[in-house]
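Read the figures in this text as sums done on the coordinates, not as results from a lab. What you see is a predicted model; the values in this text were computed from it and never measured. Here the Cβ is made from the backbone with ideal geometry for all residues, glycine too, and neighbour counts use every protein chain on show.
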Amino acid sequence: MSEDVYDDLLANNSTNASFKEEVTKCVTINNNENNFGFVRVRGVSLKESVFNVESNFESIKKHILKAINENIDLLVFPELSLTSYTCGDLFFKNSLLDACNSKIKELAEIGKNSNLIYIVGSPFTYNQKIYNCAIVYQKGKILGIVPKTYLPNYNEFYEMRQFTEAPKSNFILELDNHQIPFGNKLIFSDINRPAFKFGTEICEDLWSPTSPSIKHALQGATLLINLSASNEVIGKDEYRKALVKVTSKKLISSYVYISSTNESTSDLVYSGASFISEYGDILKRSTLYKEDEITADIDLEKLVSIRQKDTTFRIQLDSSYITIPFSSKNEFKKPMIFLSQTPFLPSSKKDQEKWCDKAIQIQAHGLAKRLQSINVSKVVLGLSGGLDSTLALLVAIEAMKIIEKTPKEIYAFSMPCFGTGKRTRSNSELLAEKLGVSFEEILLEKSVKSHLDDLKHDYVTADVTFENAQARERTQFLFDKANQLNAIVIGTGDLSELALGYCTYNGDHMSNYSVNCSIPKTLVKAIVKRYGETHKDVQDVLEDILDTPISPELLPVENGAQNTEDIVGPYELHDFFLYHFMCNDYSFKKIALLAFETFKNKYLPTTIIKWLKIFIRCFMTQQFKRQAVPDGPKVTPISLSPRGDYRAPSDASFNYIYKELDEILKIYSNAN
């Protein structure tokens with residue numbers, strides 16, 4: 001390890017020369033394949049044997065060897081796992097403490113030839129006091145010992161009877177001629193992966209108002225580890241789960257909470273409730289009342305990205321902390337994560353229904369406020385019979401309810417031209433009739449042909465001029481009609497189209513208020529479906545619209561169906577790409593890797609790369625359109641408005657990314 005790296009990691013640490021020599025022995029730099037920011041963490045809700053150190057040691061050893069074999073990065077055991085938590089006054093017995101002292105040393109030997117970091121709970125005696133500790137191991141060494149900060153001494157707990165709380169300051173203790181940091185202000189930091197930093201606390205520490213995890217996070221720890229022995233009473237499981245979720249969300253971290261089972265039931269029952277959470281989401285939880293392993297890949301890159309953008313999260317370096325460097329094996333692993341194919345929608349149907357109801361209400365209130373502010377009650381929109389214009393019309397219906405106006409104040413225009421199909425033409429009229437809005441069909445062929453004549457176009461060449469002339473003619477009509485009616489034009493384009501630039505500049509790209517600008521195509525479908533389920537009078541026509549292939553209908557009917565997803569790719573893929581690019585700031589090669597796993601039963605990796613390259617090209621080259629988008633409400637976590645979430649140049653380079661995608665495809669294929 002180079003001196004500059006070492007000095008940077010240990011800045012402000014009160015350490016001596018012997019300690020520096022010890023940690024230097026523990027660290028070697030690896031430069032293997034990138035792991036895309038993932039750390040594989042496992043927790044074991046150990047089925048302990050009360051007061052039987054030898055038995056618990058063998059159980060712990062078994063899980064350590066298994067974790068090494070399965071390429072785990074970090075392994076966590078429960079509080080006092082070497083003895084069990086419920087030994088009571090048996091903690092004072094020298095036979096127990098001597099056995100612990102012996103096994104603490106033996107535990108180091110188990111992993112001496114691996115990169116696995118493992119954390120074991122054990123009593124530890126020092127200066128004639130007993131501490132409840134988390135002992136951190138790697139490569140045959142004890143990296144550090146973390147004593148419990150807050151000892152509960154109320155209700156059923158009486159830890160102060162046996163244990164001493166953590167000292168106010170860290171110090172370096174000597175164990176078998178090794179210098180080991182001891183204290184509750186230790187951060188363990190991977191020199192190969194700067195984002196891999198963890199801090200440790202024990203059980204009650206989480207429940208206290210000023211838990212050590214807060215300071216750990218503000219020291220840069222992305223992983224917060226809790227060794228616990230938490231008893232079960234009615235209602236506690238829900239509170240404990242909420243506490244873990246909120247802590248990981250508030251501290252923009254992963255929180256790993258691992259508890260014991262099979263403790264003494266003299267007065268309490270211990271369920272082994274364990275969780276691995278990441279930024280407010282529970283990735284894994286244990287099965288209660290049995291020994292269980294839970295394993296998850298923590299996305300540290302995502303956590304760092306969120307912290308970088310969150311202006312209220314600020315690292316506050318504390319000179320009383322000791323940073324302990326270690327090195328892990330930074331190699332490629334297929335991610336063991338299970339992402340949603342529809343990240344803009346929650347997994348359960350009940351939650352999806354709630355989201356859809358909330359989404360359309362946000363849209364409707366945004367539009368209602370705009371109408372009230374400008375003292376206008378009429379709106380104009382183009383109603384094609386497709387998904388986006390349908391949702392815009394439904395939003396307008398709900399907005400009229402808010403401002404207490406009738407649907408007749410909504411002027412919906414069907415504007416068929418060369419490529420309009422009978423199905424969409426019929427559905428637009430039927431929907432308008434059922435909703436009771438003002439409807440009119442405007443035949444655009446004559447005006448479009450006149451414009452094409454001015455351009456000396458032959459009507460036969462189905463080029464971009466032919467398509468855009470129709471889109472712009474429709475937009476011109478809507479704006480002029482809005483002037484005539486003292487109304488505003490409602491934009492119908494959605495977030496997915498805006499991301500791809502799949503709209504005509506100063507055509508359907510433009511409006512007075514764009515109600516769908518933050519709604520991706522996958523969510524558009526869900527909202528329309530949900531509206532039909534709650535409004536039976538329009539459900540049949542909405543279902544048929546949902547069943548209609550997505551198309552701009554700009555090419556002559558005799559040329560065959562113009563299916564958008566055949567041209568730009570499946571919207572479910574594009575929405576997946578967009579979500580992880582914008583919300584998590586992932587590199588495109590990481591997005592590709594995640595898509596391979598998420599859609600492995602639906603799309604080949606080569607197919608995903610094909611559509612991802614199209615997404616990249618479209619997204620990067622169409623920024624100029626997003627620089628000039630109209631107002632519209634942010635509904636989902638993403639807005640591409642330059643006044644909102646995304647400010648970017650219109651001429652960013654992107655061709656080099658294609659090579660990276662080809663490389664990750666090769667790496668992934670070789671891993672299979």
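Below is a table of values for the structure above.
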quantity: Under 5 Å, built H, 5+ apart or other chain: amide partners of residue 163; calculated: none
quantity: Rg over Rh, two decimals, the stretch 349-671 (C-alpha only, Kirkwood Rh); calculated: 0.97
quantity: Per-peptide average of other Cβ atoms within 10 Å, ordering 95-103, 52-60 highest first; calculated: 52-60, 95-103
quantity: Options 539, 210, 228, ranked by Cα towards positive dipole end of the chain, top entry (Cβ charges); calculated: 210
quantity: Stokes-Einstein translational diffusion, the stretch 52-207 - Kirkwood Rh over all Cα pairs, 0.890 mPa s, 25 °C, in µm²/s; calculated: 154 µm²/s
quantity: 3J(HN,Hα) from dihedral phi, the stretch 113-129, Karplus parametrisation 6.51/-1.76/1.60, rounded to Hz, x for glycine, proline; calculated: 9, 10, 9, 4, 9, 9, 10, 10, x, 7, x, 9, 9, 7, 6, 6, 10
quantity: Other-chain or far-sequence residues with amide H under 5 Å of residue 491's (modelled H); calculated: 512, 513, 514, 515
quantity: Loop-located GluC sites (Glu not before Pro) in the stretch 156-248, at most 13 other Cβ atoms within 10 Å (DSSP); calculated: 156
quantity: For the stretch 539-669: rounded, prolate or oblate by the Cα gyration tensor [a/c cutoff 1.5]; calculated: oblate
quantity: In the stretch 307-340, trypsin sites (Lys or Arg not before Pro) in a DSSP loop with at most 12 other beta-carbon atoms within 10 Å; calculated: 314
quantity: Packing-based exposure ordering (other Cβ within 10 Å, fewest first) of 457, 216, 63; calculated: 457, 63, 216
quantity: Most to least packed among 264-273, 423-432 [average Cβ atoms within 10 Å]; calculated: 423-432, 264-273
quantity: Between 0 and 90°, nearest 10: helix 605-621 axis offset from the chain longest Cα axis; calculated: 70 degrees
quantity: Gyration tensor (alpha-carbon) shape descriptor, the stretch 222-368, a/c threshold 1.5; calculated: oblate
quantity: The stretch 341-485: equivalent-ellipsoid semi-axes (sqrt of 5 x gyration tensor eigenvalues, Cα, Å); calculated: 31, 20, 14
quantity: Nearest-ten-degree value, helix 588-598 long axis tilted from longest Cα axis of the chain; calculated: 90 degrees
quantity: Scattering curve values for the stretch 176-273, log₁₀ I(q)/I(0), Debye with Cα scatterers, q = 0.14 Å⁻¹; calculated: -0.59
quantity: Mean Cβ count within 10 Å, highest first, over the residues of peptides 380-386, 189-195, 639-645; calculated: 380-386, 189-195, 639-645
quantity: Kirkwood hydrodynamic radius (C-alpha pairs) into Stokes-Einstein, the stretch 52-105, 25 °C and 0.890 mPa s, D in µm²/s; calculated: 203 µm²/s
quantity: Anisotropy class of the stretch 124-227 from Cα gyration tensor, a/c 1.5 cut; calculated: oblate
quantity: Whole-angstrom gap from the stretch 319-370 to the stretch 134-186, using each part's C-alpha centre; calculated: 35 Å
quantity: Electrostatic dipole magnitude of the chain [Cβ: Lys, Arg +1; Asp, Glu -1; Cα centre; debye, to 20]; calculated: 480 debye
quantity: Positive dipole terminus of the chain, leading residue within 255, 162, 355 (C-beta point charges); calculated: 162
quantity: Two-decimal Rg to Rh for the stretch 441-564 - Kirkwood Rh, Cα set; calculated: 1.00
quantity: Share, in percent, of DSSP beta bridges within the chain that are antiparallel, nearest 5; calculated: 50 percent
quantity: The stretch 190-211 residues near the modelled residue 246 label - backbone nitrogen below 14 Å, point 7 Å along Cα→Cβ; calculated: 206-211
quantity: Karplus-derived 3J(HN,Hα), 6.51/-1.76/1.60, for each residue of the stretch 529-534, Hz, glycine and proline x; calculated: 5, 4, 4, x, 5, 9
quantity: Long pairs among 349/369; 378/422; 61/103; 333/666; 590/659; 358/521, criterion Cα-Cα beyond 22 Å; calculated: 349/369; 378/422
quantity: Compactness index (Cα Rg / 2.2 N^0.38 Å), the stretch 398-437; calculated: 1.39
quantity: Lys, Arg +1 and Asp, Glu -1 on Cβ, resulting dipole of the stretch 591-643 about Cα centre, debye, nearest 20; calculated: 120 debye
quantity: C-alpha long axis of helix 17-26 to longest principal axis of the chain, angle in °; calculated: 60 degrees
quantity: Sparsely packed trypsin sites (Lys or Arg not before Pro) within the stretch 119-224, loop by DSSP, other Cβ within 10 Å at most 12; calculated: 168
quantity: Amide H contacts of residue 378 (H built 1.01 Å from N, under 5 Å, at least 5 apart or other chain); calculated: 488
quantity: Answer label for Rg and Dmax of the Cα atoms in Å (calculated), chosen among (i) 40.8, 143; (ii) 35.7, 126; (iii) 30.6, 100; calculated: (iii)
quantity: Helix-derived mean residue ellipticity, 222 nm - over the chain, DSSP H n ≥ 4, -39500 (n - 2.57), to 500; calculated: -12500 deg cm²/dmol
quantity: Two-decimal Rg/Rh across the stretch 340-407, once Rg and the Kirkwood Rh are taken from alpha-carbon atoms; calculated: 1.06
quantity: Dipole axis of the chain (+1 Lys, Arg; -1 Asp, Glu on Cβ), positive-most option in 644, 499, 551; calculated: 644
quantity: Net charge, residue 81 excluded, C-beta distance under 15 Å - Lys, Arg +1, Asp, Glu -1; calculated: -3
quantity: Under the Karplus curve 6.51 cos²θ - 1.76 cosθ + 1.60, θ = phi - 60°, whole-Hz ³J(HN,Hα) for the stretch 288-302, x wherever Gly or Pro sits; calculated: 6, 6, 7, 5, 8, 9, 10, 10, 8, 8, 8, 8, 5, 4, 5
quantity: Dipole magnitude of the stretch 349-671, debye to nearest 20 (Cβ charges: Lys/Arg +1, Asp/Glu -1, about Cα centre); calculated: 860 debye
